[in-house]
Amino acid sequence: MGPRDGPAMVLVPGFTGSKEDFLPLLEPLAGAGLNVTAIDQRGQHESPGTGRLDDYRLPSFTADLIDVIGSRPAHLVGHSFGGLVCREVTLARPDLVSSLTLMDSGPGALPREHWDLMTALCDLVPVATSEQIWVAKQAVDAAAGVPALEPDVEEFLHRRWVATDPWCLAGIAQTLMSVPDLTSELSDTVTQNGIPVLVTYGEDDTSAWPVPEMADMAARLAVPAVAIPGAAHSPAVENPQRTVREIIDFVSARGV
């Protein structure tokens, strides 16, 4: 959405996500003059998958995003795992990055407290269907007291889960348990290339990286850390008004 000649912005979703996670942001970002694109990463929802684990390593996601950006630099907004992909693009091709927003995305591997569920997912993928894994996931969520969603939202999440290549989920899970902390390297790159960075997250996020860890990453990068009130791991959905305002203010300060 947005004017074709406006500054480009690409929104990159996380682990089990898709482009639809950014729907509440698209119209206001376009209204601010940005030419904004939200994507499904390879194997997610409506992007084709390959059914091969080795096709879902971080370098492949990075190459895809570089292809999406093309030759015109873009403002990158990466949510969760999407932030790690945006970070890799920034390290590899800083000339393509106008600014970098890391949303609920941390410095390296997820804390070990999340590894059991991701390991279980990886173990299920070779032996179970996507539908069977969905049923298992629903049982785990119910046991953990995760609140029920509106029926239309639940239906979409189910449809998206089944459409996503399960090997994509396994590959991302493995990355989230092994990716190194590259904050120092990122700091050097953005400083040398004059790339503005924003770290933002829901103030109540307990789903992935701890809030203090993300705040510490921002301090190590010497950049702003913005906590979105009334939001957890998905501020673009949970508090879109505040989230989009923070992104627009950040990008606008850079001349948009």
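The values are calculated or read from the model by the stated rules, or taken from the named source; none is laboratory data. Keep in mind that what you see is a predicted model, and the values were worked out from it rather than measured. When we count neighbours, we look across all protein chains shown, and the Cβ atoms used for this are built from the backbone with ideal geometry, even at glycine. For accessibility, only protein heavy atoms count, side chains too; no ligands or nucleic acids. Shrake-Rupley method; radii C 1.70, N 1.55, O 1.52, S 1.80 Å.
The length gained by stretching the chain between ALA148 and VAL68 to full extension, at 0.36 nm per residue less their Cα-Cα distance, is 25.3 nm.
Farthest towards the positive end of the charge dipole of the chain, among the residues ALA218, PHE22, ILE69, is the Cα of ILE69, using unit charges on the Cβ of Lys, Arg, Asp and Glu.
Computed from point charges on the beta carbon alone (+1 for Lys and Arg, -1 for Asp and Glu), the dipole magnitude for the chain about its Cα centre is near 620 Debye. In sequence order, the stretch 142-149 has phi-based couplings of 5, 5, 7, x, 5, x, 5, 9 Hz under the Karplus curve 6.51 cos²θ - 1.76 cosθ + 1.60, θ = phi - 60°, and Gly or Pro positions carry x.
Stretched out straight at 0.36 nm per residue, the stretch from MET177 to ASP204 would grow longer than its current Cα-Cα span by 7.5 nm.
On a per residue basis, the chain carries 44 Å² of accessible surface, using protein heavy atoms and a 1.4 Å probe.
For the pair GLN132 and LEU91, what calculated FRET efficiency results from E = 1/(1 + (r/R0)^6), where r is the Cβ-Cβ distance and R0 = 35 Å, to the nearest 0.05? The pair LEU91/GLN132 has a calculated efficiency of 0.40. Note on the stretch 111-256: dipole from Cβ charges, positive end direction compared against ILE248, TRP134, MET177; the farthest Cα belongs to ILE248. Under the combined filter of DSSP loop state and at most 14 neighbouring Cβ atoms within 10 Å, the stretch 206-256 retains these trypsin sites (Lys or Arg not before Pro): ARG254. Measuring nothing but protein heavy atoms, the accessible surface of the stretch 18-125 at 1.4 Å probe radius is 52 percent carbon and sulfur.
Out of residues 5 or more away from ASN35 or on other chains, whose amide H comes under 5 Å of its own, with H placed 1.01 Å from N in the peptide plane? Distant-sequence amide H within range of ASN35: GLY6, ALA8, MET9. With Cα atoms as the point set, the stretch 13-140 shows a radius of gyration and Dmax of 15.9, 47 Å.
With 0.36 nm allotted per residue and the present C-alpha distance subtracted, the VAL162-ARG245 stretch has 26.6 nm of extension available.
Under 13 Å from the Cβ of THR200, count the other residues' Cβ atoms, weight Lys and Arg +1, Asp and Glu -1, and hand me the total. Intermediate results must be reported in sequence, preceding the final value.
On the way: positive: ARG242, ARG245; negative: ASP104, GLU203, ASP205, GLU238, GLU246, ASP249.
Every neighbour counted, the sum reads -4.
Residues whose amide H lies under 5 Å from that of GLU203, counting only those 5 or more places away or on a different chain, are ILE228, GLY230, ALA231; hydrogens are built 1.01 Å from N in the peptide plane. For the stretch 157-256, the normalised intensity computed at q = 0.10, 0.16, 0.21 Å⁻¹ comes to -0.37, -0.91, -1.20 (log10 of I(q)/I(0), Debye sum over alpha carbons, equal scatterers, no solvent).
Pair-distance distribution of the stretch 112-209: all C-alpha pairs, bin width 5 Å, starting at 0; shares per bin in whole percent are 2, 10, 15, 18, 19, 14, 8, 8, 5, 1.
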